[in-house]
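Have a look at the structure below, then the notes.
What follows draws every value from the coordinates through simple rules; no lab data is involved. What you see is a predicted model; the values in this text were computed from it and never measured. Here Cβ is always computed from backbone atoms with ideal geometry, including for glycine, and neighbour counts include all displayed protein chains.
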């Protein structure tokens with residue numbers, strides 16, 4: 001133990017995060033329900049971070065399940081596949097599962113009810129493939145980070161391989177309350193996940209994999225340990241249940257003791273972090289040739305009739321998922337908040353007509369008691385937020401500075417290190433919407449940066465124009481002078497010639 | 001100007017869950033922790049002490065309500081219900097002489113709430129601990145009534161006054177019987193030392209008031225009940241209303257120099273146990289110094305803040321003009337709290353203490 005760790009322990013800053021009520025059961029113990037395709041699917045072109053996919057199908061075209069509808073474009077992107085067979089109706093707008101409620105372009109698909117697959121090209125021995133071949137298959141299957149990061153997995157694998165990592169961290173933390181889709185996946189598909197983990201180790205060139213699972217999921221730990229037995233590169237590590245354990249920096253530190261530098265990525269520290277769902281998707285993509293067309297989604301909250309996990313075809317509206325899975329109690333009476341994702345970091349939406357995308361892990365219908373809608377009161381500087389912050393920031397001071405528009409001060413205090421996990425707002429006795437403050441400040445700073453860039457660009461253009469005008473004027477003047485000189489020279493020449501001819505004449 | 005998107009009820013940002021902690025709940029817990037010590041003091045000092053306590057609370061709540069009304073606060077009732085003014089009053093009452101006349105609580109409430117808190121902008125805005133501002137202002141302005149201590153019931157030769165007599169004493173219509181008056185242990189030691197009698201003689205004379213651990217001793221309400229206050233303080237740490245940093249640092253900052261001094265020259269320096277059990281040491285360490293608003297929020301800042309209070313208290317008690325120095329020490333360190341927070345920020349994950357990113361780790 002070095003001095004830094006000792007000091008952190010002594011001062012209590014090693015005791016980061018919060019222990020929220022997990023609300024995971026009984027949903028986690030309910031059997032998985034498989035949802036058939038609803039009457040319409042809306043497949044957004046941006047279900048991943050990076051450039052949106054580009055549609056390659058025509059309106060009216062018949063497609064089969066697993067057929068590519070839109071291809072990746074650019075360095076960081078992922079393709080979108082048909083979750084069932086049917087007809088492409090249009091490329092239309094659908095409401096994004098985001099608090100803004102803005103529209104995003106999506107391919108609208110009308111299922112034909114046959115659910116007919118394309119011919120899948122699997123692979124008998126995926127471990128015989130080279131990392132490049134594996135990456136190609138993963139990219140073609142449209143696999144992205146299933147924990148919510150939605151970063152294209154193939155891009156990540158390639159980067160990890162290039163950076164020369166030594167450890168793969170598999171995140172089965174699932175620290176968000178309510179959510180249990182990863183838990184259920186580990187209980188029911190442990191063999192596939194472990195195979196995927198080994199494939200990721202192979203493809204990334206790492207030496208070992210550590211699977212971190214919070215100790216509030218004993219069934220998942222047991223299933224995964226049984227599946228990983230016999231593979232000495234893969235180790236299942238129970239970790240204490242604590243939010244936000246599922247963040248890569250926290251998980252990496254807990255499992256390996258390595259602290260990822262603030263301005264760096266996990267690669268720089270020699271580790272690659274992937275979610276358990278991603279590991280399974282990678283295995284299915286390579287071994288079965290199966291593209292990512294469905295995912296497990298947790299339905300939860302006090303307002304739903306039957307909480308549990310549902311295998312949802314991508315592009316299904318939350319409304320359809322609810323209708324399939326038992327609906328809301330009293331038709332939504334007492335519903336206080338609709339949340340897509342977990343309660344700590346999920347997005348509040350204004351209605352249920354938002355599509356399930358690759359990164360959607362939960363659909364929550366919370367009542368007023370769960371969401372605790374309280375008006376904010378004055379900060380009493382109790383320091384609960386400081387104690388809870390997993391990054392070691394001073395949320396109350398940052399918020400105070402943001403309230404008086406001193407964004408520079410807030411950045412000084414570490415605003416850019418904030419991961420918006422919500423621990424501070426969760427513990428705040430004054431119910432101050434701290435994350436709202438930080439989101440506002442980050443957006444405002446980004447807008448200012450854009451404005452600065454624009455101003456600089458405008459300034460550069462104006463300067464270039466001035467320089468051009470000056471240059472043109474000078475060139476004009478020079479040309480005029482040249483012409484004048486030429487004229488003068490020509491005149492002198494004629495004069496001289498005339499003189500000469502005059503002199504030449506005999507008198 | 002606060003950006004409009006940060007207020008209003010239509011907030012959209014996560015989280016969509018809350019631990020359920022409230023300001024009112026926090027204040028109530030602290031009050032609960034004070035109940036045993038307060039009841040014990042009522043038992044020791046009788047009706048007058050109850051009247052002092054009740055009027056201090058009423059005065060603080062009254063001035064808070066008045067200020068909120070004058071400020072045109074939109075929800076005065078909601079603010080009053082948070083119990084912060086009552087807690088200020090309660091803490092102030094515990095530092096007052098148990099038989100203080102009626103105007104001391106009233107004036108104290110005015111100074112604490114109006115001058116100590118509301119002129120700074122209300123809850124969360126004040127730099128100095130309101131109860132200590134009032135206590136020091138009263139002590140400096142009216143030294144005599146603020147240092148008139150009485151013997152606790154168990155030690156007094158006179159029977160405790162009834163309610164009617166208590167009211168008379170409280171209203172100043174009846175003087176405190178001479179037989180009841182006594183010096184506090186710290187005050188006694190200071191006076192004797194200044195007369196040239198060293199501690200070895202003065203404390204063994206038989207007339208000396210004792211700094212007994214069980215709390216039956218001369219002092220303010222919150223001075224006598226040290227063991228019960230200690231229990232209350234430990235309760236607050238157990239339920240995580242306060243962290244251990246400040247109390248431990250205050251007690252260490254006081255006890256360590258006291259022990260060293262006493263070991264070097266017992267005739268001139270009181271021992272550590274007397275220091276810890278006397279005056280406002282326990283009340284200060286667990287309830288006053290830990291006031292959220294006026295103490296640092298960072299772990300390292302809290303430790304230095306506490307050490308500073310303990311050490312300054314010892315300095316003032318030993319060499320200062322007053323026998324007790326906790327209130328002055330708290331106010332002094334209150335002024336430094338924002339600076340301590342700024343200078344001793346916690347280490348950000350992935351960064352060194354100075355804010356620079358960590359170096360990339362070597363191959364593990």
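The mean count of C-beta atoms from other chains within 10 Å of the C-beta of residues in A:382-395, rounded to a whole number, is 6. Running Debye on segment B:173-320 with equal point scatterers at the Cα sites and no solvent, what base-10 log of I(q)/I(0) appears at q = 0.12, 0.14, 0.19, 0.22 Å⁻¹? Log10 of I(q)/I(0), two decimals: -0.53, -0.70, -1.13, -1.36. The calculated 222 nm mean residue ellipticity attributable to helices in chain B amounts to -16500 deg cm²/dmol, summing -39500 (n - 2.57) over DSSP H runs of n ≥ 4 and dividing by all residues.
Scattering from the C-alpha atoms of segment A:99-146 alone, worked out with Debye: what is log10 I(q)/I(0) at q = 0.15, 0.21, 0.23, 0.31 1/Å? Results for segment A:99-146 at q = 0.15, 0.21, 0.23, 0.31 Å⁻¹ read -0.73, -0.96, -1.01, -1.19.
The separation of segment A:428-507 from segment A:26-59, counted between C-alpha centres, amounts to 53 Å.
With the largest listed first and rounded to whole Å, the semi-axes of the equivalent ellipsoid of segment A:312-383 from the Cα gyration tensor are 28, 16, 8. Taking label positions 7 Å along the Cα-Cβ direction at both residue A:115 and residue A:443, the computed distance is 4.0 nm, reported to one decimal.
Distance between the pseudo-spin-label points of residue A:461 and residue B:319 (7 Å out from Cα toward the beta carbon): 7.0 nm. Largest GNM mean-square fluctuation among B:68, B:270, B:138, using chain B with Cα springs under 10 Å: B:68. The packing ranking of peptides A:230-236, A:204-210, B:110-116, highest mean first, is B:110-116, A:204-210, A:230-236, where packing means the average number of other beta carbon atoms within 10 angstrom of each residue. Between the helical axis of B:130-141 and the longest alpha-carbon principal axis of chain B there is an angle of about 40 degrees.
All C-alpha pair distances within chain A, sorted into 10 Å bins from zero, spread as 4, 16, 25, 24, 13, 5, 3, 3, 3, 2, 2, 1, 0, 0 percent across the bins. An ellipsoid equivalent to chain B, defined through the eigenvalues of its Cα gyration tensor, has semi-axes of 37, 28, 17 Å when rounded to whole angstrom and sorted largest first.
Among the residues of A:329-339, the average count of other protein chain beta-carbon atoms within 10 Å of the residue beta-carbon is 1. On C-alpha positions alone, give me the angle between the axis of helix A:218-228 and the longest principal axis of chain A, in degrees, nearest 10. The helix A:218-228 is inclined about 70 degrees to chain A. Taken over the Cα atoms of segment A:376-499, the convex hull encloses 113 Å³ per residue. Annotation: segment B:275-330 has a Kirkwood hydrodynamic radius of 11.3 angstrom, from the mean reciprocal C-alpha pair distance. Summarised in one figure, the compactness ratio Rg/Rh of the protein assembly as shown, Cα atoms and Kirkwood Rh, is 1.15. Of all beta bridges that DSSP places with both ends in the protein assembly as shown, some 65 percent have antiparallel geometry.
Summarising the overall dimensions of segment A:126-182 from its C-alpha atoms, the Rg and Dmax are 13.3, 40 angstrom. Scoring A:376-389, A:170-183, B:18-31, B:287-300 by mean Cβ neighbours within 10 Å over their residues and listing the highest first yields A:170-183, B:287-300, A:376-389, B:18-31. Spin-label model, residue A:75/residue B:197: points 7 Å from Cα along the beta carbon direction are separated by 8.6 nm. Each listed q (0.24 Å⁻¹) maps to a log10 I(q)/I(0) for segment B:58-115 from the Debye sum over equal C-alpha point scatterers, namely -0.91. Length available on full extension from residue A:491 to residue A:34: 0.36 nm per residue minus the Cα-Cα distance, which gives 154.8 nm. Against the longest alpha carbon principal axis of chain B, how many degrees, from 0 to 90 and to the nearest 10, is the axis of helix B:245-264 turned? The two axes meet at around 40 degrees. Length, then width, then depth: along the principal axes, the Cα atoms of segment A:120-226 run 37, 28, 26 Å.
Ranked by the mean number of other Cβ atoms within 10 Å of their residues, highest first, the peptides A:422-431, A:359-368, A:330-339 fall in the order A:422-431, A:359-368, A:330-339.
As a ratio to 2.2 N^0.38 Å, the alpha-carbon radius of gyration for segment A:234-293 is 1.34. Based on the reciprocal of the average 1/r between different C-alpha atoms, the Kirkwood radius for segment A:236-359 equals 17.1 Å. For the pair segment B:272-319 and segment B:29-46, the centres of their Cα atoms are 21 angstrom apart. For segment A:1-111, the fraction of C-alpha pairs farther apart than 22 angstrom is 56 percent. Separation of segment A:243-311 and segment A:133-148, taken as the distance between their Cα centroids, equals 13 angstrom.
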